[in-house]
Structures are given as structure tokens and as C-alpha cells.
Amino acid sequence: MKQKTKGADKDNGGRVSYLTPAMYPKGEFSKTDREAWDLMSALLKTMNDISEKHGAKFILFSEDGEEGKRAYFRKAGNVETLHGVDYISYEGKLHEFDWIRGFNELKRIAGEHNFQVVPFKRIYYRWNFDNHASIEGNENMALDIADFLESWGYFKDKVSQVIKKTSTSADPQSAQRMPENL
């Protein structure tokens, strides 16, 4: 049996969707949205501070705004693109929205608190009837994270230090174990 998601103007083929116009609005944030982002900023700052306190670097990965998720919601009938502009179809009306607004806000927060956000370079494919990433989508996420780490100077320096330290060890078995302080 086909399910029509509340707010979708089209038969969505049984796909589950939760998009509403309030999720990615254009223009200024509402007072409630600004307070929510301020809370997110405070939480991420706290995580970054704790990481630094323990000698670690905090990085953030988010799939928010990525193309595979957008494609899923287009199939579900909640997102329409007209003349290059995205709209959420909700309760019979089209509402213009900014698909990557959340990701851009996370990047702004990262810059403010001096941590990194992993960029998405690949498409994170979704299951047909569920907006969560499929096996291939999760593999692409892992590849984007790996690419980021491989290109990040801080990580490259740390890996080089650990490799040098373990390869010069007097204990031949220690070179085969992963160091605890990576």
C-alpha cells in the first residue's frame, strides 16, 4: 500500500519524509531557530574544548545538505526544483528554502570555535523507502572522512610521528601494534 506523507503533494511511493518549511528557511532565522543554533554552537564549543583539554582535535561530520539526501526528498515528493530554485512542497504550497543552510551554519560555528568540518565530495545514496544512507552511501561517507584526514596537515603530521616512533622501537612486536596515543 502506498503511503502519502503529510505535506507531500504527490504520491511518494511509500517513502518516508519529514521535511517542513521550518527546517531550511530562506532569510533571517526566527528567534527560536537562532536560539537552537546558539545552543548547537555552545555544545560544539564544549566538545571542542574537552577534546583540546585531552590533547585531541575535534572534527565534525554532517550529511546535512548533501545531494543524496536532497535526491531522496525529491523522490519522496517533498522537494521540487523550479528554475534552479529548491522548494519544499508542504500542505499544498511551495516554500522556497536553502538546502545547505544547516551545513553552512555548522561551518560558521566551526570557524568561530576553531575546529574542522569534513566537506562532502561524494553522494551519500539512500535506501528507496528510508532517508538514511544506504550501504554505498555509508561507504561514500567513510571515503570522504578518510580523504579529509589524509589531506589534513595536523593528522598527517601525527601519523608520521607515530609511524616514526613505532618503526624505531627496539621491540619488534611494538611496530605491529597500534600505539595507544594516536
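A compact table of results
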read-out: Output for the stretch 134-164, where each listed residue is more than 16 Å from Glu67 (Cα to Cα) and of a type in the set (Ser, Thr, Tyr); value: Ser151, Tyr154, Ser160
read-out: Options Arg74, Arg70; residue that is over 30 Å from Asp157 (Cα atoms), more than 15 Å from the chain's Cα centre (by Cα) and part of a helix (DSSP H, G or I); value: Arg74
read-out: Only one of Phe73, Phe58, Phe97, Phe29 that is more than 23 Å from Ile145 (Cα to Cα), in contact with a Phe, Trp or Tyr (Cβ under 7 Å, 6 or more places away or on another chain), in contact (Cβ under 8 Å) with a residue 40 or more places away in the chain and not acidic (Asp, Glu); value: Phe97
read-out: Any hit, the stretch 107-127, residues being closer than 25 Å to Glu28 by Cα, free of Cβ contacts under 8 Å to residues at least 40 places away in the same chain and among the acidic types (Asp, Glu); value: no
read-out: Residue satisfying all of: in the stretch 135-162; exposed (fewer than 13 other Cβ atoms within 10 Å of the Cβ) and either outside any helix (DSSP H, G or I) or among the hydrophobic types (A, V, I, L, M, F, W, C) (or both); modelled with the lowest pLDDT among these; value: Ala146
read-out: The stretch 1-28: number of residues that are modelled with pLDDT of 70 or more and farther than 21 Å from Arg70 by Cα; value: 1
read-out: Cβ-Cβ under 6 Å pairs, at least 6 apart or on other chains, the stretch 38-50 side in a helix (DSSP H, G or I), far side surrounded by 12 or more Cβ atoms within 10 Å (Cβ to Cβ) and not basic (Lys, Arg); value: Ser41/Ile109; Leu44/Ile109; Lys45/His113; Met47/Phe58; Asn48/Phe58; Asn48/His113; Asn48/Phe115
read-out: Hits in the stretch 51-60 - residues which are part of a loop (DSSP other than H, G, I, E, B) and exposed (fewer than 15 other Cβ atoms within 10 Å of the Cβ); value: His54, Gly55, Ala56, Lys57
read-out: The stretch 117-130, subset out of contact with any Asp or Glu (no Cβ under 9 Å at 6 or more places or on another chain) and crowded, with 18+ Cβ neighbours inside 10 Å, residue modelled with the lowest pLDDT; value: Arg126
read-out: Tally of residues being touching a Gly at 6+ places or on another chain (Cβ under 7 Å) and either small (Gly, Ala, Ser) or surrounded by fewer than 19 Cβ atoms within 10 Å (Cβ to Cβ) (or both) across the stretch 76-89; value: 1
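The values are calculated or read from the model by the stated rules, or taken from the named source; none is laboratory data. None of these values were measured; they are calculated from a predicted model. Every residue, glycine as well, gets a Cβ built from its backbone with ideal geometry; the counts of neighbours run over all protein chains shown.
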